[in-house]
Amino acid sequence: MSEPRAAPLLEVVDLARHFPIRNAFGLRTGSIRAVDGVSLAVWPGETLGLVGESGCGKSTLGKTVMGIHGPTAGEIRFGGREIGGLGRRERRTVARHLQYVYQDPGASLDPRWKVRRLLHEPLQIHTALSRAERQEQVEAMLREVGLPDAHLDLYPHELSGGQQRRVGLARTLMVRPSLVILDEPTSGLDVSVQASVLKLFRRLQAAFALTYLFISHDLAVVRAMCQRVAVMYLGKVVELAEAAVLFEDPRHPYTRSLLSAVPVIGGRRVTRDFALEGEPPNPRDIPTGCRFRTRCPLVQDLCAVESPPLRSTGGGLVACHFA
Amino acid sequence: MRGALFVLARLARDRSALVGLVLILALALAALLAPVLATHPGDVFEIHPAKRLQPPGAQHLFGTDRMGSDIYSRLLYGARITILIGVIAVGASLAIGVPVGLAAGYYHSWASDLLMRVSDIFLAVPQVVLAIAIAQTLGPSLPNVILALSVTYWPWFARLVYAETRSLEKEVFIESTAALGASPLRLIALHVLPNVASPIIVRASIGMGFTILTAAALGFLGLGPPPPTPEWGRTIAESREFLPDAWWYAAAPGLAIFLTVMGFNLLGDGLRDVLDPRIRRAGGAVRASAVNADV
Amino acid sequence: MSELLSVSELSVEFTTDRGVAQVLDRISLAIAPGEVVGLVGESGCGKTTLARTVLGVLPAGGRIRGGAIHWEGRDLLRMDARLVNDEIRGRAITFIPQDPWSSLSPLFTVGTQIMDLMKWKSPRRGVTGTRGHWPALVRGYPGARRRADREAVLDVLRAVQIPEPERALRRLPHEFSGGQRQRLMIAMALLPRPDLIIADEPTTALDVTIQAQILRLLRDLVKERGVSVLFTTHDLGTAYELCDRVVVMYAGQEMESAPTDAFFERPAHPYTRRLLDSLPTAGGEIRDIPGEVPSLIGPPPGCRFHPRCDYATAECRARRPDAHAVEGAHRVRCYHPLSAA
């Protein structure tokens, strides 16, 4: 951790994204602070995992970085350049280097377009290549994702779900982005299909020198795929550490509870000693001070008053007064 | 286009849509081949007072009118007027309404709201009444009829396209293509428009029927092209004072209007049935694989 | 034979617009009283169809092609349908669905819906004959029984840890979170005092910490009451947590059935081994299974896993293996079972 490294590829500083809640008259009555002050960095070539349960803001974070939502506050620096405040047109040039893969990449395909056209489009948008040159690249990409040339003349609905996923991935990678945000890429997949998809991600990462921001609620998958992991709860990062460290020796009480909730085959049974009660508070009504205090086994008076900052503790960063 | 042939094939299976298609084709043929099919082509302009108000017979298929002209021949030439009015009016409405709807639907600004409120205003007034008002103000002529109809019909397209665009923009593929860096123009023209084409086509077809009916109403009221233009509505107006004796005088153009409008309506309904489930058919493949999936 | 439920040679097919899918192929499965059995498998394996067939709620296009479902000795498929509906379904056998969001009507309060359930399925209700329906409609809901039922409802709501049960009954479903709704579904499954609960992926839609709470609750409650559970899931971890015995299915055939520890530590079927191997590991190595799940329309003959199996021989293609015991209650249907390594 102390060797000199290149600059981070992506850096967010105090990023916030709030959604207004409007009443029947359209007047603003409050906000959902989906992302509420997140700072982290993604280094070139790594796979950074972003985990948390529903409502923690990880998906919103991914979409805000991507520009699908505009940031409410904070900075987003990509390749050293501030991109959070860019207008729509400039944002489009960033798209060449920063891409986003939906949970169901097949759904990102226009049902009325053939695969050939779908794969040509990214190149038409971002490059001035001739048709023949584009076709060459398209065919090369098809090979990389493991699809036959014959699929070029098919419509998305004529392909299986897995094949649609591969086309969706190919489309995203056509312009050779440097950072790819993967949003719940294995959610809902069968175990063996999930394994195939993860292998594909690995191969593509090697083939195209990709950096991944891997958003998932599945801790086992994150552990297998990521070098570093950030844990989010109600809009903030509560812990950030190298994967091995985080999973062996979690510091934050929430991380501990989260890990102890995951069934581990062959290990002690969760059902015997899982101890986290209650549900996450309503995101419209976030507790003062530390957000986790309503369920935290280590809670004390200080926790209601002061929100703990992310501070370094040997292995990584933790946001807790008592970790 | 493979798509169009596919649609035609599916359409042919629906009997009422087929009837509609036949009627429209008959109309088109009548208009196109009027000089050939007419028994008395000159009667569009010539008058034969000696032969006025003769009932249908061998010489005159639908009889003669008050000027002695052959009603059948005048109807055939009238078909040209009808088609002209319908195509231009609906075409102009499309040309105005679709871009307005797309722009208002895609962008979320005060301008979108303004555009929609304007079209709401137009929609609030019955089309016939509005068309009458406009034609009355401008004076009776063919261009004015077309103008009046275009002005009253474009909001239907605008509203339709607006609603479809708004619902489409929530689709993942639109969002993801935008994330890929596509410009709004590309998104709207190449992704949104093709996906909203089906409802537009259906409405255009039904709109033809509706527009032609309104055009006939304007003609009937004397607001259409002036005589001797053989416009169908005007012919019915002329026949009024000779009813019920010269029944053929009103029946013939009335039947022509009726068949034309019904033809477009049937075709439109048939198109709706063909085009909509076809989209669902695209997901029809899901049904077989759904058995494999959540089973 | 002290088996509560015994499915034997059950075959189900579905008519789709692409052909007839052989969704279940002569499945045999047994559940003893008080036993929690996990039915695991990937998409298309037939676990949900099996659960629904036992419950008798096949969707349109589904047809039972053969076999029997014996409940306490009687074949449900050959019993009078109305009797099955009144006495078995929703009473002796209850159901916890996968999706807590759409299982309750949004228009009525939770109390109304639960009491409606109790009106028809309360354990305090007398046995109705085969002509049960009309008299019951007329008879209505006697007051004394209603009060007893309501007490039972409150008790069970407390047992599933719904806070303030009386107030909860007056609320609408959308006022509850996903985890709470699933608790309500569990309560509704327990109230008729069933002998068997069929749970279809009951925690799939929940966050992992909520899932842990629900799994724990479920485990405690069923053990306390001695209820059997048939529990379908594609998540092997939850099967490990909850089940006494695990049955794995593939493409409409059951492949292996073993007590939980034996299943995970000494799987005998090559598919089970491959499945366990494809779970993501801490070390980072990822192994998948080559090939794809076959279509159920025109599936492979014999053992349906043979096209993807390393050990397949002509035998495997020719005829599906019968079940034989590996060790005690550990049974497998394979000509080349893996030996305990």
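The values are calculated or read from the model by the stated rules, or taken from the named source; none is laboratory data. Note that the coordinates shown come from a computational prediction; the quantities given were computed from them, not determined experimentally. In this analysis, Cβ positions are derived from the backbone assuming ideal geometry, glycine residues included, and neighbour counts consider all displayed protein chains.
Of the residues A:Val193, A:Val237, A:Val180, A:Val231, only one is within 14 Å of chain C (Cβ to nearest Cβ), under 16 Å from the mean Cα position of the chain (by Cα) and of a type in the set (A, V, I, L, M, F, W, C); which? Reasoning before the result, please.
On the way: A:Val193 fails: under 16 Å from the mean Cα position of the chain (by Cα); A:Val237 fails: within 14 Å of chain C (Cβ to nearest Cβ); A:Val180 fails: within 14 Å of chain C (Cβ to nearest Cβ).
Every option except A:Val231 fails the conditions.
Looking at A:Val175 and the list (1) surrounded by fewer than 20 Cβ atoms within 10 Å (Cβ to Cβ); (2) within 14 Å of chain C (Cβ to nearest Cβ); (3) not charged (D, E, K, R), which single condition is not satisfied?
The one condition A:Val175 does not meet is (2).
If I ask for residues that are touching a residue at least 60 places away in the same chain (Cβ under 8 Å) and touching an Asp or Glu at 6+ places or on another chain (Cβ under 9 Å), which ones from the range B:16-43 would you list?
Passing the criteria: B:Ser16, B:Ala17, B:Gly20.
Could you grab me the full set of residues in the range C:271-313 that are farther than 23 Å from A:Gln227 by Cα, within 12 Å of chain A (Cβ to nearest Cβ) and modelled with pLDDT under 90?
Correct list: C:Ile289, C:Pro290, C:Gly291, C:Glu292, C:Val293, C:Ser295.
Identify the single condition in (1) crowded, with 19+ Cβ neighbours inside 10 Å; (2) of a type in the set (A, V, I, L, M, F, W, C); (3) at pLDDT 85 or above that B:Ala34 does not satisfy, given that it satisfies every other one.
(3)
Taking only pairs six or more apart or across chains, which ones have beta-carbon atoms under 8 Å, a first residue in the range B:174-189 that is within 8 Å of chain A (Cβ to nearest Cβ), and a second residue that is surrounded by 21 or more Cβ atoms within 10 Å (Cβ to Cβ) and in a loop (DSSP other than H, G, I, E, B)?
B:Ser176/A:Tyr102; B:Thr177/A:Asp110; B:Ala179/A:Gly67; B:Ala179/A:Ala95; B:Leu180/A:Ala95; B:Gly181/A:Ala95
If you scan the range C:1-41, which residues turn out to be of a type in the set (D, E, K, R), assigned to a loop (DSSP other than H, G, I, E, B) and touching a strand residue (DSSP E or B) at 6+ places or on another chain (Cβ under 6 Å)?
Within the range C:1-41, the subset of a type in the set (D, E, K, R) is C:3, C:9, C:13, C:17-18, C:25-26, C:35.
Subsequent filtering for residues that are assigned to a loop (DSSP other than H, G, I, E, B) retains C:3, C:17-18, C:35.
Within the range C:1-41, C:Glu3, C:Glu35 qualify.
Among the numbered criteria (1) surrounded by 17 or more Cβ atoms within 10 Å (Cβ to Cβ); (2) under 25 Å from B:Lys170 (Cβ atoms); (3) of a type outside the set (Ser, Thr, Tyr); (4) within 11 Å of chain B (Cβ to nearest Cβ), which one does A:Arg117 miss?
(1)
Within the range C:37-58, take every residue that is within 14 Å of chain A (Cβ to nearest Cβ) and in contact with a helix residue (DSSP H, G or I) (Cβ under 6 Å, 6 or more places away or on another chain) and give me the one that is surrounded by the fewest Cβ atoms within 10 Å (Cβ to Cβ).
First pass over the range C:37-58, keeping only residues within 14 Å of chain A (Cβ to nearest Cβ): C:38, C:40-48.
From what's left, in contact with a helix residue (DSSP H, G or I) (Cβ under 6 Å, 6 or more places away or on another chain): C:38, C:40-41, C:43-44.
Details: C:Gly38: 26, C:Val40: 26, C:Gly41: 28, C:Ser43: 20, C:Gly44: 28.
My answer is C:Ser43.
Within the range A:86-102, restricting attention to residues that are among the charged types (D, E, K, R) and either within 7 Å of chain B (Cβ to nearest Cβ) or touching a strand residue (DSSP E or B) at 6+ places or on another chain (Cβ under 6 Å) (or both), which residue is nearest to A:Ser178 (Cα to Cα)? Even if it seems obvious, please write down each step before you answer.
Of the residues in the range A:86-102, the ones among the charged types (D, E, K, R) are A:88-92, A:96.
So of that shortlist, the ones also either within 7 Å of chain B (Cβ to nearest Cβ) or touching a strand residue (DSSP E or B) at 6+ places or on another chain (Cβ under 6 Å) (or both) come out as A:92, A:96.
Values: A:Arg92: 15, A:Arg96: 8 Å.
Only one residue fits best here, namely A:Arg96.
Among the residues of the range C:12-36, write down those that are closer than 22 Å to C:His234 by Cα, in contact with a Gly (Cβ under 8 Å, 6 or more places away or on another chain) and within 14 Å of another protein chain (Cβ to nearest Cβ).
C:Val12, C:Glu13, C:Phe14, C:Gln22, C:Val23, C:Leu24, C:Asp25, C:Ile27 - these are the residues of the range C:12-36 that are closer than 22 Å to C:His234 by Cα, in contact with a Gly (Cβ under 8 Å, 6 or more places away or on another chain) and within 14 Å of another protein chain (Cβ to nearest Cβ).
Residue by residue, here is whether (1) farther than 30 Å from B:Ser176 by Cα; (2) buried (at least 24 other Cβ atoms within 10 Å of the Cβ); (3) in contact with a helix residue (DSSP H, G or I) (Cβ under 8 Å, 6 or more places away or on another chain) holds:
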| position | (1), (2), (3) |
| --- | --- |
| A:Leu182 | no, yes, yes |
| A:Val191 | no, no, yes |
| A:Leu198 | no, no, yes |
| A:Ala207 | no, no, yes |
| A:Ala224 | no, no, yes |
| A:Val229 | no, yes, yes |
| A:Met232 | no, yes, yes |
| A:Gly235 | no, yes, yes |
| A:Glu239 | yes, yes, yes |
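Considering B:Val151, B:Val100, which residue is modelled with pLDDT of 90 or more, in a helix (DSSP H, G or I) and within 22 Å of the chain's Cα centre (by Cα)? I'd like the intermediate steps shown before the answer.
Values: B:Val151 fails: modelled with pLDDT of 90 or more.
Testing whether each residue is modelled with pLDDT of 90 or more, in a helix (DSSP H, G or I) and within 22 Å of the chain's Cα centre (by Cα) leaves just B:Val100.
Output yes when any residue across the range A:80-87 is surrounded by fewer than 20 Cβ atoms within 10 Å (Cβ to Cβ), at pLDDT below 90 and on the phi > 0 side of the Ramachandran plot, and no when none is.
Yes, the conditions are met somewhere in the range A:80-87.
Can you tell which of C:Ile93, C:Ile69 is more than 20 Å from C:Gly252 (Cβ to Cβ), away from chain A (no Cβ under 14 Å) and not hydroxyl-bearing (Ser, Thr, Tyr)?
Values: C:Ile69 fails: more than 20 Å from C:Gly252 (Cβ to Cβ).
None of the others qualify; the one that does is C:Ile93.
Restrict the check to the range B:231-242 and report whether at least one residue is within 14 Å of chain A (Cβ to nearest Cβ) and either within 21 Å of the chain's Cα centre (by Cα) or at pLDDT 90 or above (or both). Reasoning before the result, please.
Applying the first criterion (within 14 Å of chain A (Cβ to nearest Cβ)) to the range B:231-242 yields none.
Among the residues of the range B:231-242, not one is within 14 Å of chain A (Cβ to nearest Cβ) and either within 21 Å of the chain's Cα centre (by Cα) or at pLDDT 90 or above (or both), which makes the answer no.
For A:Val167, are the conditions met, namely being among the aliphatic types (A, V, I, L, M), within 13 Å of chain C (Cβ to nearest Cβ) and not in a loop (DSSP other than H, G, I, E, B)?
Working: among the aliphatic types (A, V, I, L, M): yes; within 13 Å of chain C (Cβ to nearest Cβ): no; not in a loop (DSSP other than H, G, I, E, B): yes.
No; evaluated as a whole, the condition is false for this residue.
Has the range A:284-297 got any residue that is part of a loop (DSSP other than H, G, I, E, B), within 20 Å of the chain's Cα centre (by Cα) and either closer than 14 Å to A:Val51 by Cβ or modelled with pLDDT under 85 (or both)? First the steps, then the outcome.
From the range A:284-297, those part of a loop (DSSP other than H, G, I, E, B) are A:284-290, A:295-297; that's our starting set.
In the following step, the residues that additionally are within 20 Å of the chain's Cα centre (by Cα) were identified as none.
No: the range A:284-297 contains no residue that is part of a loop (DSSP other than H, G, I, E, B), within 20 Å of the chain's Cα centre (by Cα) and either closer than 14 Å to A:Val51 by Cβ or modelled with pLDDT under 85 (or both).
Check A:Val13 against each of (1) in contact (Cβ under 8 Å) with a residue 60 or more places away in the chain; (2) crowded, with 20+ Cβ neighbours inside 10 Å; (3) more than 29 Å from A:Gly188 (Cα to Cα) and name the one condition it does not meet.
Exception for A:Val13: condition (2).
Based on this model, can you work out whether A:Gln135 counts as away from every other protein chain (no Cβ under 14 Å) and modelled with pLDDT of 90 or more?
On the way: away from every other protein chain (no Cβ under 14 Å): yes; modelled with pLDDT of 90 or more: yes.
When the stated conditions are applied, A:Gln135 passes them.
Return a yes/no flag: does the range A:37-50 have any residue that is assigned to a strand (DSSP E or B), away from chain B (no Cβ under 11 Å) and more than 17 Å from the chain's Cα centre (by Cα). Outline the logic, then answer.
Just the residues of the range A:37-50 that are assigned to a strand (DSSP E or B), to begin with: A:37-42, A:47-50.
From what's left, away from chain B (no Cβ under 11 Å): A:37-42, A:47-50.
If we keep only those that are more than 17 Å from the chain's Cα centre (by Cα) as well, we get none.
There is no residue in the range A:37-50 that is assigned to a strand (DSSP E or B), away from chain B (no Cβ under 11 Å) and more than 17 Å from the chain's Cα centre (by Cα).
Would you point out the residue of the range B:219-240, among those that are touching a residue at least 60 places away in the same chain (Cβ under 8 Å) and part of a helix (DSSP H, G or I), that is surrounded by the fewest Cβ atoms within 10 Å (Cβ to Cβ)? Break it down into steps so the answer makes sense when it comes.
Our first condition is that a residue be touching a residue at least 60 places away in the same chain (Cβ under 8 Å); within the range B:219-240, this holds for B:219, B:221-226, B:228-232, B:235, B:238-239.
Still in the list and also part of a helix (DSSP H, G or I): B:219, B:232, B:235, B:238-239.
Working: B:Gly219: 29, B:Trp232: 26, B:Thr235: 26, B:Glu238: 18, B:Ser239: 22.
Step by step, filter the range B:219-240, then rank; the result is B:Glu238.
Output the number of the condition that A:Ala230 fails; it satisfies all remaining conditions of (1) without any contact (Cβ under 8 Å) to a residue 40 or more places away in the chain; (2) part of a strand (DSSP E or B); (3) among the small types (Gly, Ala, Ser).
The one condition A:Ala230 does not meet is (1).
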